Amino acid sequence: MKFLSIYKTAERGVPPTQEEMARMGQLIEKHLKSGKLLATEGCLPSSLGARVRLSGGKLSVTDGPFTESKEIVGGFAILQANSKREAIELVEEFLQVAGDGECEIRQVFEAGQDTCAQGAAKA
């Protein structure tokens, strides 16, 4: 099963240190080699982004930074796991390296998969 992990954290305003980058690089390499990590990317500061919203048929665009947000999307990962429990364990390991924040985990729909999600990804 594939899972999307969306990492949310407070925006620091400074890039990670070399030590932080090295620790994260080791974790990424470990899980890429094992096949448990399929893809991952970090996001640049929200000051370089925009939010596009459709509400009541009207589109609006808000340029970053998103100072009103307590937490922003800091990055994402696509995980390969045998269960939701295994995906949670992978994310727990990630957070130990990444630091404060939270990850939302969502199972990714795959063609031919039973769409009754209630039983598909139970721990």
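Quick check for the stretch 1-75: number of Lys pairs with alpha-carbon distance under 21 Å, counting only pairs 8 or more apart or on different chains?
Number of lysine pairs found: 5.
Relative contact order of the chain: 43 percent, from C-alpha pairs under 8 Å at least 6 residues apart in sequence. When the solvent-accessible area of the chain is split by element, carbon and sulfur atoms take up 54 percent of it, the probe being 1.4 Å. Look at the alpha carbon pairs under 8 Å that are at least 6 residues apart: their mean separation over the length of the stretch 34-78 gives a relative contact order of 48 percent. Computed over protein heavy atoms with a 1.4 Å probe, the accessible surface of the chain works out to 71 Å² per residue.
Annotation for the stretch 30-83: GluC sites (Glu not before Pro) lying in DSSP loop with at most 11 further Cβ atoms inside 10 Å of their Cβ are Glu68.
Tell me which chymotrypsin sites (Phe, Trp or Tyr not before Pro) from the stretch 14-123 have a DSSP coil assignment and no more than 16 other beta carbons within 10 Å of their own. Passing both the DSSP loop test and the Cβ count: Phe109.
The values are calculated or read from the model by the stated rules, or taken from the named source; none is laboratory data. As the structure is a computational prediction, the values presented were derived from the model and not from experiment. Neighbour counts are summed over all protein chains in view; Cβ atoms, including those assigned to glycine, are modelled from backbone coordinates with ideal geometry. To get the accessible areas, we keep the full protein, side chains included, count just its heavy atoms, and leave off ligands, DNA and RNA. Shrake-Rupley method; radii C 1.70, N 1.55, O 1.52, S 1.80 Å.
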